[in-house]
Amino acid sequence: MFIVNSHNMRYWSFLLLALIVSAGAQAPAPPSRDNAKYYGFGYGAVGIAEVMLDLLSISNDARVERILDSAINSVIVGNTDLYWSKTTEDMVYWTGYKYGQEGYARFFLDLFERKGDNSYLELVGELLNQRIVQLSNQENRTFWGYDYINTTTAIGISLTGRDYGAASVIETALNYYEITRNESALELAEDSASWMIGLRNGSLTYPLNLAIPWYDVKGFKPVYITSFARGISGILPQFLRLSQVTGNGSYYDIFTDLVEYLVASQNDDGSWFIDTSADNSLAGLDEGTAGVLLSLSRYAKDLPGVNASIDRGLKYIENFISNSNNIGYQFTDGLAGILFVLNSINYTGSVLKQVEEDFLSNFVTFRNEKGEFILYNSDEQDNVYELSFKSGLAGALSVLLRVDPDSELIGPILNSFEIFGENGLWPRQVEVSPKLLVDGSKVSSTIILMVALVGILVILLIYKRMSNRA
């Protein structure tokens, strides 16, 4: 039998008071998933800062400048001789837009164009000089792999795509060249393109002989990837630009070959397989059909067969949206990225309104009781929320600015980045206790607080009655 005495009375009272304190706290629980702080564009400070830079053009909110300035400071201070590791905790160095220097260079160029500060342009020049030096020192590998500084992981692996490889180097070098007319940058772009051309294998069956493989790994069969992030769709614009900048028609021939490869490899349902080693297709931007459509629509609409290919691809997207009940909402391969593509190519078809409504209605999955901040749950894991550009809140915000630039959600989103940021860096993911969710299926912190108070009152009444009996 449980007996209430003065000692255990105090114990349970203190326990309930502790519950009250924890129930009333509005700070989220510590992250339990990927709580590393990333520097780069895909998952880190650069991607968040890039969206803040976009927001500056339509908002004079002081929070935008604060978030942007803190990210700039963390990125510039957080490097060693302009080498950035993947996160604050590792020593792994990448090429490309997702984690690597090219993502920083893109941001610095945008900062230069926005603010007119030559110091940002100089940073890009230093980054490209590093790439030139790296090329001159290459031995067993011609170009960059995942971790190009630590040779134990990089030897023999060279990547061609936009997110991880040489295509991002070409794009960065050309962007810099078009501003500065620096011939070394143009030479770097052409050297990178020459290496890609050398990887083409004319002995393979048509249309693969037209393509550029994703990687160069000795002893492994080459894989031809269609996607925008890693494959042909992200590579072909660089050859078009090289032909325009240099006047060299051979680059344009390769561009048309790559377009022809995409048209010929399209599936009957309008989709594209991810690569030649797979038999599955995705709908999204980074690895799916939407990314291929973005590239073809922007750069190749005047070439034979392309418009019909685009129409088939849009039919696939329409069917996918209409028939799928499990679409993620992230920028990479979810609704946010699909909506970005449809807006970018001026699509006005049957599913546009549905995609916009689905995106907006599912945008908010967390908001504290005062409406002070929201989070965007892109991977639909309970209580785990993404802040990043590629998979979370930052990328969703960039699309929201296109769909509804006056949205009342923008203010609370800015609060999210201020709350979860620390010295200009953000964890990729955060975990928030379900008791803080304002949702009819969850118990809010206010309800827990009220229950705890009632419990204390009941115990105090029992204690008083027993004392009177004594």
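Results for (1) under 16 Å from LEU53 (Cα atoms); (2) not in a loop (DSSP other than H, G, I, E, B), shown as yes or no for each residue.
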position: PHE363; (1), (2): no, no
position: GLU369; (1), (2): no, no
position: SER391; (1), (2): no, no
position: LEU397; (1), (2): yes, yes
position: ARG402; (1), (2): yes, yes
position: GLY411; (1), (2): yes, yes
position: SER416; (1), (2): no, yes
**Report entry** Where GLN330 falls short, out of the listed (1) in a helix (DSSP H, G or I); (2) within 17 Å of the chain's Cα centre (by Cα)
**Finding:** (1)
**Report entry** Residues of the range 281-295 classified as open to solvent by less than 10 Å² (accessible area, probe 1.4 Å) and over 16 Å from the mean Cα position of the chain (by Cα), total
**Finding:** 6
Report task. Identify, by number, the condition in (1) modelled with pLDDT under 90; (2) buried (at least 19 other Cβ atoms within 10 Å of the Cβ) that THR88 doesn't meet. Result -> (2)
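Taking the stated definitions as given, is ILE321 touching a residue at least 40 places away in the same chain (Cβ under 8 Å), closer than 30 Å to ILE374 by Cα, open to solvent by less than 30 Å² (accessible area, probe 1.4 Å) and assigned to a helix (DSSP H, G or I)?
On the way: touching a residue at least 40 places away in the same chain (Cβ under 8 Å): no; closer than 30 Å to ILE374 by Cα: yes; open to solvent by less than 30 Å² (accessible area, probe 1.4 Å): yes; assigned to a helix (DSSP H, G or I): yes.
So ILE321 fails the test.
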Report task. Evaluate the range 210-221: report whether one residue or more is more than 27 Å from the chain's Cα centre (by Cα), open to solvent by less than 30 Å² (accessible area, probe 1.4 Å) and hydrophobic (A, V, I, L, M, F, W, C). Result -> yes
Query - Selection status of SER277, more than 27 Å from ASN343 (Cβ to Cβ), under 27 Å from the mean Cα position of the chain (by Cα) and open to solvent by 30 Å² or more (accessible area, probe 1.4 Å) - result: yes
Query - Residue, farthest from TYR38 (Cα to Cα), within the range 390-409, restricted to residues that are hydrophobic (A, V, I, L, M, F, W, C) and open to solvent by 20 Å² or more (accessible area, probe 1.4 Å) - result: VAL403
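For the range 91-116, which residues satisfy the criterion of being farther than 20 Å from ALA185 by Cα and of a type outside the set (A, V, I, L, M)?
TYR93, LYS98, TYR99, ARG114, LYS115, GLY116
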Query raised in the report: Before we move on, is LYS435 among the basic types (Lys, Arg) and modelled with pLDDT under 90?
Result: yes
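Can you give me the number of residues within the range 353-389 that are open to solvent by less than 30 Å² (accessible area, probe 1.4 Å) and modelled with pLDDT of 80 or more?
Step one: filter the range 353-389 for residues open to solvent by less than 30 Å² (accessible area, probe 1.4 Å), giving 355, 359, 363, 366, 368, 371, 373-378, 383-389.
Among the residues that remain, those that are also modelled with pLDDT of 80 or more are: 355, 359, 373-376, 384-389.
Residues flagged as open to solvent by less than 30 Å² (accessible area, probe 1.4 Å) and modelled with pLDDT of 80 or more within the range 353-389 amount to 12.
Has the range 305-313 got any residue that is over 18 Å from TYR347 (Cβ atoms), open to solvent by 70 Å² or more (accessible area, probe 1.4 Å) and not hydrophobic (A, V, I, L, M, F, W, C)? Spell out the reasoning first.
Filtering the range 305-313 for residues over 18 Å from TYR347 (Cβ atoms) gives 305.
Add one more test, that the residue is open to solvent by 70 Å² or more (accessible area, probe 1.4 Å), and what stays is none.
Among the residues of the range 305-313, not one is over 18 Å from TYR347 (Cβ atoms), open to solvent by 70 Å² or more (accessible area, probe 1.4 Å) and not hydrophobic (A, V, I, L, M, F, W, C), which makes the answer no.
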Query raised in the report: Out of all the residues in the range 159-186, which are charged (D, E, K, R) and in contact (Cβ under 8 Å) with a residue 24 or more places away in the chain?
Result: ARG162, ASP163, GLU171, GLU178
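Among residues belonging to the range 136-186 that are of a type in the set (Asp, Glu) and modelled with pLDDT of 95 or more, point out the one that is farthest from ARG230 (Cα to Cα).
To start, the set of residues in the range 136-186 that are of a type in the set (Asp, Glu) comprises 139, 147, 163, 171, 178, 183.
Adding the requirement that they be modelled with pLDDT of 95 or more leaves 171, 178, 183.
Values: GLU171: 14, GLU178: 24, GLU183: 27 Å.
My answer is GLU183.
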**Report entry** Residue in the range 32-50 that is modelled with the lowest pLDDT, counting only those that are surrounded by fewer than 19 Cβ atoms within 10 Å (Cβ to Cβ) and more than 13 Å from SER391 (Cβ to Cβ)
**Finding:** SER32
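Here is a list: ILE72, ILE20, ILE67. Which entry is at pLDDT below 90 and open to solvent by less than 50 Å² (accessible area, probe 1.4 Å)? Spell out how you get there, then give the answer.
Numbers: ILE72 fails: at pLDDT below 90; ILE67 fails: at pLDDT below 90.
On inspection, the qualifying residue turns out to be ILE20.
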Query raised in the report: Among ARG230, ARG241, which is the only one that is open to solvent by 10 Å² or more (accessible area, probe 1.4 Å) and assigned to a loop (DSSP other than H, G, I, E, B)?
Result: ARG230
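Mind checking whether some residue in the range 438-448 is open to solvent by less than 50 Å² (accessible area, probe 1.4 Å), in contact with a Lys or Arg (Cβ under 6 Å, 6 or more places away or on another chain) and modelled with pLDDT under 80?
First, pick out the residues of the range 438-448 that are open to solvent by less than 50 Å² (accessible area, probe 1.4 Å): 444-445.
Checking which are in contact with a Lys or Arg (Cβ under 6 Å, 6 or more places away or on another chain) leaves us with 445.
Keeping just the survivors that are modelled with pLDDT under 80 gives 445.
Looking for residues that are open to solvent by less than 50 Å² (accessible area, probe 1.4 Å), in contact with a Lys or Arg (Cβ under 6 Å, 6 or more places away or on another chain) and modelled with pLDDT under 80, one finds at least one in the range 438-448, hence yes.
Looking at ARG106, ARG131, which one is at pLDDT 90 or above and charged (D, E, K, R)?
ARG106
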Requested in this report: Residues being buried (at least 19 other Cβ atoms within 10 Å of the Cβ) and without any contact (Cβ under 8 Å) to a residue 60 or more places away in the chain: count how many of those fall in the range 413-434.
Outcome: 2
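From the list TYR252, TYR261, pick out the single residue that is within 17 Å of VAL306 (Cα to Cα), touching a helix residue (DSSP H, G or I) at 6+ places or on another chain (Cβ under 9 Å), among the hydroxyl-bearing types (Ser, Thr, Tyr) and open to solvent by 50 Å² or more (accessible area, probe 1.4 Å).
Details: TYR261 fails: open to solvent by 50 Å² or more (accessible area, probe 1.4 Å).
When all the criteria are applied, what remains is TYR252.
The values are calculated or read from the model by the stated rules, or taken from the named source; none is laboratory data. None of these values were measured; they are calculated from a predicted model. For neighbour counting, all protein chains shown are included, and Cβ atoms are generated from backbone atoms with ideal geometry for every residue, glycine included. Quick note on the areas: whole protein, heavy atoms, side chains included, nothing else; ligands and nucleic acids left out. Shrake-Rupley method; radii C 1.70, N 1.55, O 1.52, S 1.80 Å.
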